[in-house]
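The values are calculated or read from the model by the stated rules, or taken from the named source; none is laboratory data. All figures in this text were calculated on a predicted structure; none of them were measured in a lab. Glycine also receives a Cβ, built like all others from the backbone with ideal geometry; neighbour counts cover every protein chain displayed. Heavy atoms of the whole protein, side chains included, go into the accessibility calculation; ligands, DNA and RNA do not. Shrake-Rupley method; radii C 1.70, N 1.55, O 1.52, S 1.80 Å.
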Amino acid sequence: MRYKSSLRVNLSALKRNVEKVRALTSDKKILFMVKADAYGHGIIPIVRYSASELGISEFGCATLAEAIKLREDLPDLEFEIFVFSDLDLDLDFAKDSYLNKRIIPVISREDDFDLILADDDFKHLPICLKYNTGMNRLGLKHSKVAEHIQKLKTSGRNEIFHLMTHLSSASLSMKRNKRSDEQNKIFQEIKTNYNEAKINIVNSSISNSGSIEQKFGFEESHIRPGMILYGPTTLIPKDRGESFWSGENLSTLETYIIDCFEADKGCPVGYGGHPIPHEGIVAHVALGYGDGVTTWYQGCEIEHMGFKGKILGPVNMDMTAILFPSTAKDRIKSGQVLTLWSSSNEVLNIADKMKTISYQLFCGLTLRLPRKHYLEENHK
Ligand SMILES: *Cc1c(COP(=O)(O)O)cnc(C)c1O
């Protein structure tokens, strides 16, 4: 744990992002994706605030363990939890968890579909199906819809609580890339098949962040945003112009300068003794790969006190060195608070520079870094 480095998470900004998503989608119902510890933002405070203050009543996890943690840590709040990928139906306590903790598995494998229909204990479980319409990751086969209909009817089911599919290419311009259109077409055919078989579809969804950003998939009852509610656009750099999203980044990655000193060009710094490329002020800050700030951060630009610094050579487990120009002398001092990112643009600049995506920056932060949640009105 650290005392003076943290990921500060602005819940007031989450409120404004939710309002923006509602305005953009004409109030579609939100199934908020909070897998991987709410994309590194701390799942419990994020869900507590969203469920109690923002009127969000459905949340999506990837694993059964995440869902159980949510239920156990927030016993007083009413909301639905969906588990998307790692259902763990073979574990002996899984059945008890789904039935007695009110957790809904999203069925995306043929085996799980059969298992749930065959087990009488599951007969009151809401049926949620996710179809593969072209992503070829998880998903029921759309070529088997007739068989699924038959099996549902045989087991006395005439309702699907939530029908879903997931888009493979929502982060690409949908004007130029037609894959989302093709997937949507297949999804609509699946819905038609169920309607014709008189199986009622209560809810449906297709849109993840990239799709919402491009106003795609709004015929369905629900949207399933993850990343945009945490802030950044999910479109690839060259297609960002197509995004209708302008959310606020929730997180500020804050640390402080443990020590700093002047150094000449060529001075070897840290493990491996990599020489610095020019003279300047070397500042060591209290974040390293033990916190999830990996060696990928090398070369990223960080602004501090109006000076542009660059992250130096191998980042260390506990510290990161930043080289500032010599003109920063007397302005950059030990003990100062230093921010690695705060705005969506800063997050995206770092991610782009590292040739990665904001998802990995956020999910990579470890638990050594405390998450500090706040509301603007309680904090100045
Ligand atoms: C993670 C996930 C989402 C949300 O994706 P974002 O790109 O973060 O909006 C939506 N649907 C499914 C099935 C997911 O796994």
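Our coupling estimate for region 191-198, obtained by passing each phi through the Karplus curve with A = 6.51, B = -1.76, C = 1.60 and θ = phi - 60°, is 4, 4, 4, 5, 4, 5, 7, 6 Hz, Gly and Pro reported as x.
Here region 306-369 exposes an accessible surface that is 54 percent carbon and sulfur, computed with a 1.4 Å probe and the other protein chains kept in place. Placing dummy labels 7 Å off each Cα toward the beta-carbon, the span from A197 to S343 is 5.1 nm. In this simple spin-label approximation, D264 and Y374 carry label points 7 Å from Cα along the Cα→Cβ vector, and these lie 4.3 nm apart.
Amide H contacts of Q336: I257, each under 5 Å away and 5 or more positions distant or on a separate chain (H built 1.01 Å from N in the peptide plane; Pro and chain starts excluded). Among C363, V18, M33, which residue has its Cα furthest toward the positive end of the charge dipole of the chain, with +1 on Lys/Arg Cβ and -1 on Asp/Glu Cβ? Highest projection toward the positive end goes to V18.
Spin-label pair F161-S85: with each label point 7 Å from Cα along the Cα-Cβ axis, the two points sit 2.2 nm from one another. Phi angles across region 69-83 convert, under the Karplus curve 6.51 cos²θ - 1.76 cosθ + 1.60 with θ = phi - 60°, into 3J(HN,Hα) values of 4, 4, 4, 6, 8, 10, x, 8, 9, 9, 6, 9, 10, 10, 9 Hz, Gly and Pro given as x. Packing, as the average of other Cβ atoms within 10 Å across residues, places the peptides 338-350, 39-51, 16-28, 196-208 in the order 39-51, 338-350, 196-208, 16-28, highest first.
Quick check for me: using +1 on Lys/Arg Cβ and -1 on Asp/Glu Cβ, what's the dipole size of region 294-342 about its Cα centre, in debye to the nearest 20?
Roughly 160 debye, rounded to the nearest 20.
Only protein atoms count toward the accessible area here, which uses a 1.4 Å probe; on region 161-250, the carbon and sulfur part of that area reaches 50 percent. Accessible surface computed residue by residue for the chain, with neighbouring protein chains in place and a 1.4 Å probe, gives 46 Å² per residue.
Residues of region 293-323 falling in the label zone of A62, defined by backbone nitrogen less than 11 Å from a point 7 Å along Cα to beta-carbon, are absent. Dipole orientation for the chain: of the candidates L117, F244, G290, F244 has the Cα lying most toward the positive pole (charges on Cβ; Lys, Arg +1; Asp, Glu -1). Using a Gaussian network model of the chain in which every pair of alpha carbons under 10 angstrom is joined by a spring, one finds that among M305, M135, M317 the greatest mean-square fluctuation is at M305.
Can you send over the carbon and sulfur percentage of the accessible area for region 1-126, probe radius 1.4 Å, protein chains only?
Working: 2650 of 5560 Å².
Heavy-atom surface of region 1-126 belonging to carbon and sulfur, 1.4 Å probe: 48 percent.
Dipole size of region 213-336 about its Cα centre, with +1 on Lys/Arg Cβ and -1 on Asp/Glu Cβ: approximately 240 debye, rounded to the nearest 20.
If R0 equals 56 Å, the separation of the Cβ atoms of H274 and E78 corresponds to a calculated FRET efficiency of about 0.55. The phi torsions of region 10-24, fed into the Karplus equation with coefficients 6.51, -1.76 and 1.60 and a -60° offset, translate into couplings of 8, 6, 5, 5, 4, 4, 5, 5, 5, 4, 5, 5, 5, 5, 5 Hz, rounded to whole numbers, with Gly and Pro shown as x.
Rounded to the nearest 20 Debye, what is the dipole magnitude of the chain about its Cα centre when Lys and Arg each give +1 and Asp and Glu each give -1 at the C-beta? Show your work: numbers first, answer last.
On the way: 48 positive and 49 negative charges, 183 e Å.
Dipole about the Cα centre, nearest 20: 880 debye.
Put simply, when 148-155, 60-67 are sorted by average Cβ atoms within 10 angstrom per residue, most first, you get 60-67, 148-155. In the chain, with Lys and Arg counted as +1 and Asp and Glu as -1 at Cβ, which of these residues, G266, L167, L375, has the Cα nearest the positive end of the dipole, that is, farthest along it? With unit charges placed on the Cβ atoms, the residue in question is G266.
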